[in-house]
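Each remark here refers to the structure printed beneath this line.
The values are calculated or read from the model by the stated rules, or taken from the named source; none is laboratory data. These figures come from a predicted structure and were not determined experimentally. We place every Cβ from the backbone using ideal geometry, glycine too, and count neighbours over all the protein chains shown.
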There are 2 protein chains.
Amino acid sequence: MANETWVPGIGAGHPHGVHNLPYGAVSFGGPPRLVARIGDLALDLAAACERLAPDLAPLVAEPVLNPLLAAPAETWRRLRASLVDWLSDPVHRPAVEPLLRPLAGGLTHLPFTVGDYVDFYASEHHASAVGRIFRPDTPPLPEAWKHLPIGYHGRSGTVVVSGTPIARPHGQRRVSGGAVEFGPSLRLDIEAEVGFVLGAGTRLGEPIALADAAEHLFGVCLVNDWSARDLQAWEYVPLGPFLGKSFATSVSPWVVPLQAFDSARTAPPPRDVPLVSYLDDAALAPWGLDIALEVELNGTVVSRPPFRAMYWTAAQMLAHMTVNGATIRPGDLFASGTVSGPEPGQAGSLLELSRGGRAPLALPGGVTRSFLEDGDEVVIRGRVPAAPGRDELALGEVAGVVVAQPALQ
Amino acid sequence: MANETWVPGIGAGHPHGVHNLPYGAVSFGGPPRLVARIGDLALDLAAACERLAPDLAPLVAEPVLNPLLAAPAETWRRLRASLVDWLSDPVHRPAVEPLLRPLAGGLTHLPFTVGDYVDFYASEHHASAVGRIFRPDTPPLPEAWKHLPIGYHGRSGTVVVSGTPIARPHGQRRVSGGAVEFGPSLRLDIEAEVGFVLGAGTRLGEPIALADAAEHLFGVCLVNDWSARDLQAWEYVPLGPFLGKSFATSVSPWVVPLQAFDSARTAPPPRDVPLVSYLDDAALAPWGLDIALEVELNGTVVSRPPFRAMYWTAAQMLAHMTVNGATIRPGDLFASGTVSGPEPGQAGSLLELSRGGRAPLALPGGVTRSFLEDGDEVVIRGRVPAAPGRDELALGEVAGVVVAQPALQ
């Protein structure tokens, strides 16, 4: 590994070293600027490109990644290779060091304008557990589940950056006895997910083949797909989740380029049923990703979901999403669905962790939680663990505090 | 009625008279321009505003309505009142007439950048018929159906303007015997719908009350929500339609301002169950709209769906969509769901018209259709019929021809 940089304080093995370099949008009093992060420093992308790669500067001049995302993947890779070079080779230090600024005191913003937001359901452990809770009289996995990655469109307009307060949604629910009630959700939940930011848009009628996925998967972020379980349970037949999800979806402020995950690629779980050709990845390099998530509730880690246990890969989700000819646009986001592992402490939602509310979680000080209360803070973190020949890679975090929605008129 | 204009050839009762004035984006060789339509003429909005209302000109300078949609509804109403004045009062004729141009030879474009696209399911006749076909063993209407307008998010990136060729989607379907097959959809269908374009965006956590709906409902268009029934039937449990819908959604090129429908307001059908407060419209002016649709397949009218028969109104759909605190953005689009009336010739989908394929439609020349074949053209038209004290109002049309999707690699 040559993860070495002249940047002071970033030693070998630093999880935010030169092997990471996620992109974000940060403001320091003025308007947001696109930056690359190394350690706890932000490198101003437009300023760096103006000095060292002027032809790339127009792609990073706005406070969102979309112009860069509109370029071909080759351009993304060239920018990343340049950044690695500038931050590694001491010859560039005089030009680059003045453009580094401590992140402390800066404010992070959503670094891309979201086109469409799609949420999948790619964890077998999660889908089975939810099936058992929501549909106890039927088989836990829907019939199509192992034939295709089930997904749906979410609300892109309510995708917000980590740190945005989450107003508890009002809505309808059915209570015991069959009556319908309206009020603040009583079963507000989280979903710990991994998100994928897309670029290099396509044209209508042109599917993306599995083998071409890397030409469109720009980078990776963390997602908390907040969910109001009581609203969702009442509304979701037959068209799927709507208000139970659309009030807010939080994403981490840092988008880690796909290339940073080269050493994290791992085989997905064995497939139980033969896959239709466009999803058959047996002959390809593995697309599973060894990302370890951590869910913290009010300062206590309550779960450690393993992304490597996901049945469907990002490449399969992308191939599926476009096989019908649907376009993708620069800035489209899709998320994996709740990441849950096979073990009890590996579920990515409170619904699962509290077994539908029947087994509340014990927190320090005698506090218990089945679902979220106002004032609760949830932080989801992710990292690629260090391994032989592999440095730890941090994905940053996605955080949010629940607040009461203002009373309706 | 004072629907009089100095524009030559637009007599009293013309369905595209000065009471209509829909907005569109049209190009004549060069880049698209925003226009208002009267008869078969286009009035260049930026040029007209520069001459007669310079403060409004920046809102119509781009080829999309979004800057205007971002302004408050009061501004929309002022622009419309100005247009009516300019095209009615002969004093403005010398300034305005040179800015009118025949639409013939122009190319229409999608006149707004779509934020989120939501599709509802607001026709009781459609929902019941589909329930009987897709879920024959359960009650035809989902349990929540009369308590809330069921809806879901569609793919905004594949909303296309009328005239865009529709590539037949590929996808998975289950065939008899339970096997899973992949290929071009064998049950390609239409859904004739009415769409609503939103403006005056809101902030997270701020629902839109029923009484405020007119402050956000900018205008009305026609929608064909193309649907691949075989893909949809296999994929939709439990998260709703995905690839069965996301390949394309066509909209008419003309957005008719809400004010043009003042005389079309009509009472929706009686409500069978008591409504939760935020949906209870009993005390409000009626929000039903007397729009008559017409579905034409290869030149033959096959259905005449009545929008006035819809159970849920646009105001209720908007109040529901935001009651959980979800924002709306300028350019968001929602559609009613398939418009079907109670009579046999009033269904807005082939699924219903052919009773799930069991009763193919007879077209001229001995041709029959259960679902769409390559080369088929569908045109959906809409109008508010003339009535005492009311001129006919044309909504234009949404058209599309089905083409084969290029073979996959």
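Between B:341, B:337, which is touching a Phe, Trp or Tyr at 6+ places or on another chain (Cβ under 6 Å) and either of a type in the set (A, V, I, L, M) or crowded, with 20+ Cβ neighbours inside 10 Å (or both)?
Answer to the selection: B:337.
Which one is surrounded by the most Cβ atoms within 10 Å (Cβ to Cβ) among residues in the stretch B:263-283 that are hydrophobic (A, V, I, L, M, F, W, C) and within 24 Å of residue A:169 (Cβ to Cβ)?
Once the filter is applied, the top-ranked residue is B:279.
Return the residues of the stretch B:147-165 that are at the interface with chain A (Cβ under 8 Å from one of its Cβ atoms), among the aliphatic types (A, V, I, L, M) and part of a strand (DSSP E or B); say none if nothing qualifies.
B:160
Restricting attention to the stretch B:366-409, which residues are modelled with pLDDT under 95 and either under 24 Å from residue B:251 (Cβ atoms) or within 14 Å of chain A (Cβ to nearest Cβ) (or both)?
B:396, B:404, B:405, B:406, B:407, B:408, B:409
Every residue, every condition in (1) in contact with a Lys or Arg (Cβ under 6 Å, 6 or more places away or on another chain); (2) under 30 Å from residue B:319 (Cα atoms); (3) modelled with pLDDT of 95 or more; (4) surrounded by 19 or more Cβ atoms within 10 Å (Cβ to Cβ), yes or no:
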{"site": "B:25", "(1), (2), (3), (4)": "no, yes, yes, yes"}
{"site": "B:32", "(1), (2), (3), (4)": "no, no, yes, yes"}
{"site": "B:41", "(1), (2), (3), (4)": "no, no, yes, yes"}
{"site": "B:50", "(1), (2), (3), (4)": "no, no, yes, no"}
{"site": "B:54", "(1), (2), (3), (4)": "no, no, yes, no"}
{"site": "B:68", "(1), (2), (3), (4)": "no, yes, yes, yes"}
{"site": "B:82", "(1), (2), (3), (4)": "no, yes, yes, no"}
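Does residue B:325 meet the test of being at positive phi, touching a Leu at 6+ places or on another chain (Cβ under 9 Å) and either part of a loop (DSSP other than H, G, I, E, B) or more than 14 Å from every other protein chain (Cβ to nearest Cβ) (or both)?
Considered against the rule, which asks whether it is at positive phi, touching a Leu at 6+ places or on another chain (Cβ under 9 Å) and either part of a loop (DSSP other than H, G, I, E, B) or more than 14 Å from every other protein chain (Cβ to nearest Cβ) (or both), residue B:325 comes out as yes.
Are any residues in the stretch B:248-262 buried (at least 16 other Cβ atoms within 10 Å of the Cβ), of a type outside the set (Val, Ile, Thr) and more than 10 Å from chain A (Cβ to nearest Cβ), and if so, which ones?
Within the stretch B:248-262, B:250, B:252, B:253, B:254, B:257, B:258, B:259, B:260, B:261 meet the criteria.
Quick check on my filter: what residues within the stretch A:129-166 are of a type in the set (A, V, I, L, M, F, W, C) and closer than 24 Å to residue A:320 by Cβ?
Within the stretch A:129-166, A:129, A:130, A:134, A:141, A:144, A:145, A:148, A:150, A:159 qualify.
Let's see how each residue does on (1) under 13 Å from residue B:217 (Cβ atoms); (2) of a type in the set (Ser, Thr, Tyr); (3) within 14 Å of another protein chain (Cβ to nearest Cβ); (4) in contact (Cβ under 8 Å) with a residue 24 or more places away in the chain:
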site	(1), (2), (3), (4)
B:288	no, no, no, yes
B:296	no, no, no, yes
B:303	no, yes, no, yes
B:307	no, no, no, yes
B:313	yes, yes, no, yes
B:318	yes, no, yes, yes
B:330	yes, no, yes, yes
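Take residue A:150 and tell me if it is among the hydrophobic types (A, V, I, L, M, F, W, C) and either at pLDDT below 95 or touching a His at 6+ places or on another chain (Cβ under 6 Å) (or both).
Taking the combined requirement at face value, the residue does not satisfy it.
Can you tell me which residue in the stretch A:231-247 is surrounded by the fewest Cβ atoms within 10 Å (Cβ to Cβ), limited to those that are more than 7 Å from every other protein chain (Cβ to nearest Cβ) and under 23 Å from the mean Cα position of the chain (by Cα)?
The residue in question is A:232.
Can you go through B:162, B:156, B:176 and tell me which one is modelled with pLDDT under 95, polar (S, T, N, Q) and under 30 Å from residue A:318 (Cα atoms)?
That would be B:176, the only listed residue that is modelled with pLDDT under 95, polar (S, T, N, Q) and under 30 Å from residue A:318 (Cα atoms).
Restricting to the stretch B:344-372, count the residues that are part of a helix (DSSP H, G or I) and over 14 Å from residue B:187 (Cβ atoms).
Adding up the residues that qualify gives 6.
Looking only at the stretch B:14-30, which residues are in contact with a Leu (Cβ under 8 Å, 6 or more places away or on another chain) and either among the small types (Gly, Ala, Ser) or without any contact (Cβ under 8 Å) to a residue 12 or more places away in the chain (or both)?
Hits for the stretch B:14-30 are B:24, B:25, B:27.
Does the stretch B:381-391 contain any residue that is buried (at least 23 other Cβ atoms within 10 Å of the Cβ), among the small types (Gly, Ala, Ser) and in contact with a strand residue (DSSP E or B) (Cβ under 6 Å, 6 or more places away or on another chain)?
Yes, the stretch B:381-391 has at least one match.
Yes or no, residue by residue, for (1) closer than 30 Å to residue B:280 by Cβ; (2) out of contact with any Phe, Trp or Tyr (no Cβ under 9 Å at 6 or more places or on another chain); (3) hydrophobic (A, V, I, L, M, F, W, C):
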residue	(1), (2), (3)
B:188	no, no, yes
B:193	yes, no, no
B:203	yes, yes, no
B:208	yes, yes, yes
B:213	yes, no, yes
B:225	yes, yes, no
B:228	no, no, yes
B:255	yes, no, yes
